[in-house]
Amino acid sequence: MKRIASAVVTPTGPNYLQAITSGGFEFHSDEPLAAGGQNAGPAPYSLLLASLGSCTAITLKMYADRKGWDIGVLRVELTLEKDADGNTFIGRILSSDAPLGAEQWDKLIEIAGKTPVTRTLVTGTRITTTHTGT
C-alpha cells in the first residue's frame, strides 16, 4: 500500500487537550468547555470538516486553474449534524465572489463530489487498531 498521510496524537495538557503532529506540522485538538475541555483547539469533528473543506477548496482551485477559470475567492462552508437515529449528515455550501455561470457551478459541484476526502468519507474506510504496549 502507498502511505498517503500519517499523524501522531499525544496528550499535552489538562483534560482532553491533544498535540497532533502530521506532515511536519504541530497543532492541537480539544473539546469545548461544555464537554469538559479547555477549548484550546478545534474538536475532532471540526478537524474532520476542516479536512473536507480544505480538500474541496484545493481540488476545485486545481480544476479551475487547469480550465483557465477565475473562480475568485472560493469559500467552502460545512456543517455536520446527527439525527435522532445517530445518522450523520454533512452539508457543504460553495460560494465565490467571481461571476461564475451555471455550467461552471454545476461542474464545480460535480468535482466537489469527487475530491479525495469526499470519496474517503462517502465510501467508508477500514480502520484497524493494534497496540505496542504490554
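Got a sec? Which of Ala64, Ala57 is closer than 30 Å to Val8 by Cβ and assigned to a helix (DSSP H, G or I)? Outline the logic, then answer.
Details: Ala64 fails: closer than 30 Å to Val8 by Cβ.
Just one listed residue meets the conditions, Ala57.
Return the residue satisfying two criteria in turn: it lies in region 13-22 and is in a loop (DSSP other than H, G, I, E, B) and modelled with pLDDT of 95 or more, and of such residues it is farthest from Ala40 (Cα to Cα).
Tyr16
Say we look at region 11-52 and pick out the residues that are among the aromatic types (Phe, Trp, Tyr) and closer than 26 Å to Thr118 by Cβ; which of these is least open to solvent (accessible area, probe 1.4 Å)?
So in region 11-52, the residues among the aromatic types (Phe, Trp, Tyr) come out as 16, 25, 27, 45.
Next, only the ones that are closer than 26 Å to Thr118 by Cβ stay: 25, 27, 45.
Values: Phe25: 141, Phe27: 79, Tyr45: 120 Å².
So, considering only residues that are among the aromatic types (Phe, Trp, Tyr) and closer than 26 Å to Thr118 by Cβ, the one least open to solvent (accessible area, probe 1.4 Å) is Phe27.
Kindly indicate whether any position in region 79-90 is open to solvent by 100 Å² or more (accessible area, probe 1.4 Å) and either within 14 Å of the chain's Cα centre (by Cα) or under 16 Å from Thr59 (Cβ atoms) (or both).
Yes, there is a match, as at least one residue in region 79-90 is open to solvent by 100 Å² or more (accessible area, probe 1.4 Å) and either within 14 Å of the chain's Cα centre (by Cα) or under 16 Å from Thr59 (Cβ atoms) (or both).
Please work out if Tyr45 is at pLDDT 95 or above, among the hydroxyl-bearing types (Ser, Thr, Tyr), over 24 Å from Thr123 (Cα atoms) and not in a strand (DSSP E or B).
no
The values are calculated or read from the model by the stated rules, or taken from the named source; none is laboratory data. Keep in mind that what you see is a predicted model, and the values were worked out from it rather than measured. Positions of Cβ are backbone-derived with ideal geometry, glycine not excepted, and every protein chain shown enters the neighbour counts. Quick note on the areas: whole protein, heavy atoms, side chains included, nothing else; ligands and nucleic acids left out. Shrake-Rupley method; radii C 1.70, N 1.55, O 1.52, S 1.80 Å.
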